[in-house]
Every structure is written in C-alpha cells, then in structure tokens.
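Heads up, the thing below is written out as structure tokens.
Where a number appears in this text, it was derived from the coordinates with a stated rule and is not lab data. Remember, predicted model here, so these are calculated numbers, not experimental data. Here the Cβ positions follow ideal geometry from the backbone for every residue, glycine too, while neighbour counts run over all protein chains shown.
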Amino acid sequence: MAIQWFPGHMYSTQKAITERVKDIDVVIELLDARLPGSSANPMLAELTAGRPTLKVLNKQDLADPARTALWLAHYNALPATRAIPLDASQTTPAQQIVKACHELSPNRGGLAKPMRVLICGIPNVGKSTLINTLTGGRKAKTGDEAGITKLEQRITLADDFYLWDTPGMLWPRIIVPKSGYNLAASGAVGRNAFDEEEVALELLGYLKANYAAGLAARFKLVELDAETMAGMKDEALLDTIGRKRGALLGKGRVNLQKAAEIVMHEFRAGNLGRITLETPEEFAVWLADGQRA
Ligand code: GDP
C-alpha cells in the first residue's frame, strides 16, 4: 500500500508563494540530503519558475558524501540553479549562502537593491534550525511593511539582504510510492500516516542492498555477510534485528512493531552510517515508472 499524505492547506500556501515570489530574487529550496528528490515539493518549481534557485542539501552530515556529490552535480547542471551541502546546525552557513545568492543574482545588493530571498522547505528538513543559525539565535525580526503578515516573517541578515520564510506550510507532495517510504523513514511524514513495519521493511530492503556494512555493524549481525544479507527476505532481516535487540513478545516471537521502530530510530539518528536513500538516477527511474503506471 502506497503512503498517501497530503494534509491540505496547499491551496492557500500556493497562493501566498505566488504572491511573495514576485518580489523575490533568489529562492532557497531546503532539501534533505538523504532524500533530495523525495523531499522536494514539485509544486515549488512550478510556483517559482524562472527564479534562480539555491538548492541546499541539508543534513549532509547524515548523508552519504559520494551520493551528495552526485546530487550536487545533478542540480548544478540545471539552468539558474546552484546547490550546496549543509549541516544547518553548524555555526557558519551564512557566508556560503549569501555568496551563492549573489552569484545567482549578481545585480542585486546595496541598499537600493537589497537581495530578497525566499526560503522554502517541507517540514522537518531543518528550516527553523537554519534560520536560527543564520540569525545567531536572535529573535527573527519581522517586517512592518503592509503585506508582511505574521506567517511571512522577514529576516534581515544584513542591511541589504532580506530573507522571507515560506508563507504557510509546504507539505511534501508524494508523487511516487518510493518517495512516500523515504519521507516516512526520514521522519518528514506524520507518524499516524503510515505503517511503521511496512516502512521499516522497505528501508531494510534498500539498506541491505546498498549499506549492508552499516546495518551489520550497528545490529551486530556478525553471522551475516553482505551476500547472505542480500539474499535474505526483508521480513527475516527485521525479525533477526528484533531478536538481537530483545524486542520480543511471548513464546520467543519478535515484536515486529518495536523492531521497526528501532530500525527507523537508528537510521534517523545516523547510527547506521551516512546514508542516502536515492540517487539522481534512481529517482529519475521512479518518476518515469510512476508516469507510466
Ligand atoms: P523544520 O521543520 O524544517 O523547521 O525543521 P527543524 O529545524 O525543526 O529540524 C528538524 C530536526 O532536524 C531537528 O531535530 C533538528 O535538530 C534536525 N536538523 C536540522 N538540520 C540538521 C542538520 O543539518 N543535521 C542534522 N543532523 N540534523 C539537523
């Protein structure tokens, strides 16, 4: 069963973004570096069509560096687009971001033509963390111009550099089933919108094929080499992990729900190693399959 998740309010967000984007020079699209394709909302590209875009691959500290490089190359090849990796909790992202924005919109800057940037991203991608880091934890300054509502906070990074937060909530829009699973695994989708066991099984299926060593190390699966693990059913792997962690019901049966929670927790915390759940090539194939279906 594919995950359905579209909590609504998108119409008003859509309208608000369309309005705001008229006076915006650069759009910063915050993505989760572990699932760049799936954490993008395709609607945003439509709404901001033509605006230079800075793709920020956040949580890069949790992502597979080799795959982050693939995604950066993929985005940097697009017109009017730049991409940078980021750990939003670091203290020095501001300079990198300001520099990239000036490269994307070289004619802006100075008091007469301040740089106007809109920052967008689906929930949990790290937007608040980034804004906090950028403002040095100061309370974000809100504009007092007409039209700047509470929802549309304007943050002044410098006298000639303004940042607007997304007006409204930009929910993910799940257009291929794999994206649903990856978003759920990353924690971007509400807990009651999916079956944890199903998501954990999908995750294990991907990890055993791509990141077997990290799985084996964290769950002490010493008896399983990569080949044996690759040949195992996902259910059997989840069962083994549950047993290793003592997630048991009566009579030696494994509590699969608990085992699923453990797998997802370990993935989200980065304890299975630096992992990226999709490559640009894989994502393109999923999209093409989705369109054929
Ligand atoms: P928002 O919903 O987009 O505003 O997301 P938050 O800023 O609240 O971040 C969601 C979670 O991701 C929080 O637990 C953050 O601490 C964490 N987080 C944000 N940025 C990073 C990052 O670059 N690396 C890591 N490891 N965690 C991050």
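For the chain, I need the span (max minus min coordinate) of the C-alpha atoms along each principal axis, in Å, sorted largest to smallest.
72, 42, 34
Find out how many positive minus negative residues lie around P42, taking Lys and Arg as positive, Asp and Glu as negative, among other residues whose Cβ is under 13 Å from that of P42.
Once all neighbours under 13 Å are counted, the net charge is -1.
Where both residues lie in the chain, what percent of DSSP beta bridges are antiparallel, nearest 5?
If we restrict to bridges inside the chain, about 20 percent are antiparallel.
Efficiency by 1/(1 + (r/R0)^6): what FRET value for K244 and S12, r their Cβ-Cβ distance, R0 = 45 Å, to the nearest 0.05?
Between K244 and S12 the formula returns 0.45.
Counting only trypsin sites (Lys or Arg not before Pro) that sit in a DSSP loop (anything but H, G, I, E, B) with at most 14 other Cβ atoms within 10 Å, what is the longest stretch of the chain containing none of them?
23-137
Taking the Cβ of D61 as the centre, find all other residues whose Cβ is under 14 Å away and add up their charges (Lys, Arg: +1; Asp, Glu: -1).
Result for the neighbourhood of D61: +2.
With a point put 7 Å past each Cα toward its Cβ, work out how far A73 is from D289 in nm, to one decimal.
Rounded to a tenth, the inter-label distance reads 2.4 nm.
Under a point spin-label approximation (7 Å from Cα along Cα-to-Cβ), what is the A94-D225 distance to one decimal in nm?
Distance between label points: 5.4 nm.
If all Cα-Cα distances of the stretch 10-165 are sorted into 5 Å bins from 0 onward, what percent lands in each bin, rounded to whole numbers?
Whole-percent P(r) values from 0 Å outward: 2, 9, 19, 24, 23, 15, 7, 2, 0, 0.
Taking 7 Å along the Cα-to-C-beta vector as the label spot, tell me the D159-N132 distance in nanometres, rounded to one decimal.
Once both label points are built, they end up 3.1 nm from each other.
Using Cβ contacts closer than 10 Å as the measure, can you line up D159, D87 from fewest to most?
The most exposed by this proxy come first: D159, D87.
Cross-link partners among aspartates and glutamates for K127, C-alpha distance below 15 Å, same-chain residues fewer than 8 apart left out?
E29, D32, D87, E152, D165
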